[in-house]
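Colleague: One structure coming up, written as structure tokens, with questions to follow.
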Amino acid sequence: MALRVKSVWSPVSRKDDGLRILATRFRGRGLPTNRYDVWMPSLGPSERILKAYQARRMTWAAFVREFRQELFLAGPIDTRSRTIKNHGQKFTLRLIKQLAQKGNVTLMCHCPEDTATCHRHVLKALIRSGRV
Ligand SMILES: [Zn+2]
């Protein structure tokens, strides 16, 4: 699967990156729009857990656990359907998985390239898992 992760601030490689997805809740002031193809705030952690983790009020393990839960949370529209529900970002993650099987896809965040504790790694692992 041609699914990659990188910092949105790292050099752009049109050939290797393929579809560049900015998967952050905040777009970032001063970020030129040509650094990504699509911005998907729905793939970023909620402000509540992002701020708690950044302020060190939440461990990385707790952040990962809550972030993974958030990705599958039902939305208000799900109360209108009895059978087929949206299941949060489940179908979006499936779409990304399909796209990455047909071409390169890069999930990006503002964190520096060498940041191991970034939600983009959680997204990549989840998409590569059998869970979506
Ligand atoms: Zn990050």
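Colleague: Under unit Cβ charges (Lys, Arg +1; Asp, Glu -1), what dipole magnitude, rounded to 20 debye, does the range 1-69 have relative to its Cα centre?
Modeller: 180
Colleague: Normalised by the residues of the chain, what does the relative contact order come to in percent, with Cα pairs under 8 Å and at least six apart?
Modeller: Over the chain, the number comes to 40 percent.
Colleague: Magnitude of the Cβ-charge dipole of the chain, K/R +1 and D/E -1, about the Cα centre, nearest 20 debye?
Modeller: Dipole about the Cα centre, nearest 20: 260 debye.
Colleague: Rounded if a/c is under 1.5, else prolate if a/b is larger than b/c, else oblate: which is the chain, with a ≥ b ≥ c the root eigenvalues of its Cα gyration tensor?
Modeller: oblate
Colleague: Hey, another quick one. Per 0.36 nm of contour for each residue apart, how much would the distance between Gln69 and Trp9 grow if the chain were fully extended, relative to their Cα-Cα spacing?
Modeller: My answer for the length gained is 18.8 nm.
Colleague: With the Cα gyration tensor of the range 60-132 giving a ≥ b ≥ c as the square roots of its eigenvalues, does the rule (a/c under 1.5 for rounded; else a/b larger than b/c for prolate; else oblate) give rounded, prolate or oblate?
Modeller: Oblate shape, in that a/c is at least 1.5 and b/c is the bigger or equal ratio.
Colleague: Roughly how many nanometres apart are two label points built 7 Å out from the Cα toward the Cβ at Asp114 and Ala55?
Modeller: 2.9
Quick note: the coordinates plus some simple rules give every number you see, no bench work behind them. Bear in mind that the values here come from a model prediction, so they are computed numbers and not experimental data. Heads up, the Cβs are rebuilt from the backbone with ideal geometry, glycines too, and the neighbour counts pull from every protein chain shown.
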